[in-house]
């Protein structure tokens with residue numbers, strides 16, 4: 001599997017920006033400091049430009065097959081734990097009104113995806129952080145930061161961000177970040193297991209593999225990022241989902257344009273590790289007609305502001 | 001020939017029409033087997049001992065899910081792509097062991113967010129009032 005990853009966050013940069021009357025203070029996402037065991041030695045430099053789109057494409061089928069060896073139930077336990085790792089780094093933002101609204105928008109979008117049913121459903125949570133970031137774990141736990149919410153100027157833009165994250169879940173990008181060897185290892189232990197309850201040695205062995213899998217995903221999600229190919233795939237899924245629900249997919253391009261305007265070339269993590277917004281916009285150009293978007297209905301404006309005005 | 005499939009998610013509501021906005025007429029459990037009667041895009045009309053109705057295909061797998069496999073079934077699963085084992089591999093027991101070894105990884109909010117449920121009625125109103133559609137649920 002190619003290790004040529006770029007950083008994964010949907011939005012992520014340093015600077016201070018003002019959008020639609022909302023001010024976003026954007027801090028560089030700090031993923032230094034504490035991480036669970038095994039994630040502390042994150043690769044500092046990732047060789048992100050090693051022609052990875054092609055190599056990933058070539059190995060994608062094999063990896064996807066390996067990732068599919070896990071049942072949705074196992075994917076659920078992996079997703080829960082990756083979520084807990086995210087929530088051990090970030091504090092949850094305890095705002096019931098905002099959380100409820102993000103869940104209504106998010107679950108509506110998830111139902112319109114190609115993977116509306118996961119083992120225990122999609123659930124969304126806001127992270128109390130200034131970073132502009134979002135994460136999606138296998139099986140459908142999706143996290144967005146307050147910083148990211150503050151940069152969405154309407155419901156359609158929020159929907160574009162959430163739909164992109166649903167796209168990562170739908171395409172099982174997290175599961176595909178698990179090292180192939182680890183998948184084989186896990187399946188071997190499961191195959192050896194002969195009784196209803198694991199023997200202690202099997203539990204120990206599986207837990208090691210489990211921990212390794214969590215670390216593979218968390219490292220990819222938090223530190224090294226998904227490949228350009230995966231980001232493009234999530235963007236494409238987002239366009240489809242937005243269209244099905246009736247949101248203007250141009251909102252995704254608007255978000256990317258805002259990112260592009262805020263990036264400082266060469267200086268920061270996002271610029272270093274992400275596919276450039278421009279390249280993502282180019283990729284979307286074939287799917288989304290350019291031109292001014294229709295103004296969103298007043299109802300959407302009203303409920304968006306009501307739920308998120310104080311976030 | 002009727003196709004047999006199994007529920008691969010925790011709970012699988014059956015609806016009276018091929019849409020998430022359809023009324024739930026019955027709810028199936030993980031591992032339940034169904035007979036597929038009709039396919040309409042990504043929606044399947046299925047029949048079980050618990051009744052019949054529509055479900056999105058992503059809730060089902062062609063594999064037979066064995067809830068409490070014995071050793072023979074476990075061995076068979078390794079050489080068969082037609083069988084999946086419930087509760088095996090990465091499961092609650094493994095999560096608990098992971099948590100014991102990683103006490104600084106906090107699951108409190110994961111558990112809380114999993115409790116967030118949005119009713120289909122609310123999603124329906126949200127779509128309608130916002131001038132949106134549930135087309136995705138139908139196709």
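Read-outs: derived from the displayed coordinates by stated rules, not from any lab. Just so we're clear, the structure is a prediction, and the values are computed from it rather than from any experiment. Counting neighbours? That spans all protein chains shown, and the Cβs are built from the backbone with ideal geometry, glycine included.
List of remarks:
- Ellipsoid semi-axes for the range B:3-132, based on the Cα gyration tensor and the rule √(5λ), read 30, 25, 10 Å when sorted largest first.
- Peptides A:130-143, B:109-122, A:213-226 ranked from most to least packed by the mean count of surrounding Cβ atoms within 10 Å: A:130-143, A:213-226, B:109-122.
- The label point for residue A:204 and the one for residue A:286, both projected 7 Å from the Cα toward the Cβ, are 5.2 nm apart.
- Pairs of Cα atoms nearer than 8 Å and 6+ residues apart set the relative contact order; for the range A:66-163 it is 29 percent.
- Other protein chain C-beta atoms within 10 Å of residue C-beta, averaged over A:205-211: 6.
- Unit Cα scatterers, Debye sum, the range A:81-193: log10 I(q)/I(0) for q = 0.12, 0.17, 0.19 Å⁻¹: -0.45, -0.81, -0.97
- Considering only Cα atoms, the convex hull volume of the range B:1-75 works out to 94 Å³ per residue.
- Chain B, helix-only ellipticity at 222 nm - DSSP H runs n ≥ 4, -39,500 (n - 2.57), divided by all residues, nearest 500: -7500 deg cm²/dmol
- Burial order of peptide ranges A:243-253, A:109-119 (average beta-carbon count within 10 Å, highest first): A:109-119, A:243-253
- Residue by residue along A:244-252, Cβ atoms of other protein chains within 10 Å of the local Cβ number 3 on average.
- With N the number of residues in the range B:57-135, Rg(Cα) / (2.2 N^0.38 Å) evaluates to 1.69.
- When chain B is treated as a GNM with alpha-carbon contacts under 10 Å, the residue of B:63, B:92, B:23 showing the greatest mean-square fluctuation is B:92.
- Take each residue of peptide B:19-30, count the partner chain Cβ atoms within 10 Å of its Cβ, and average: the result is 1.
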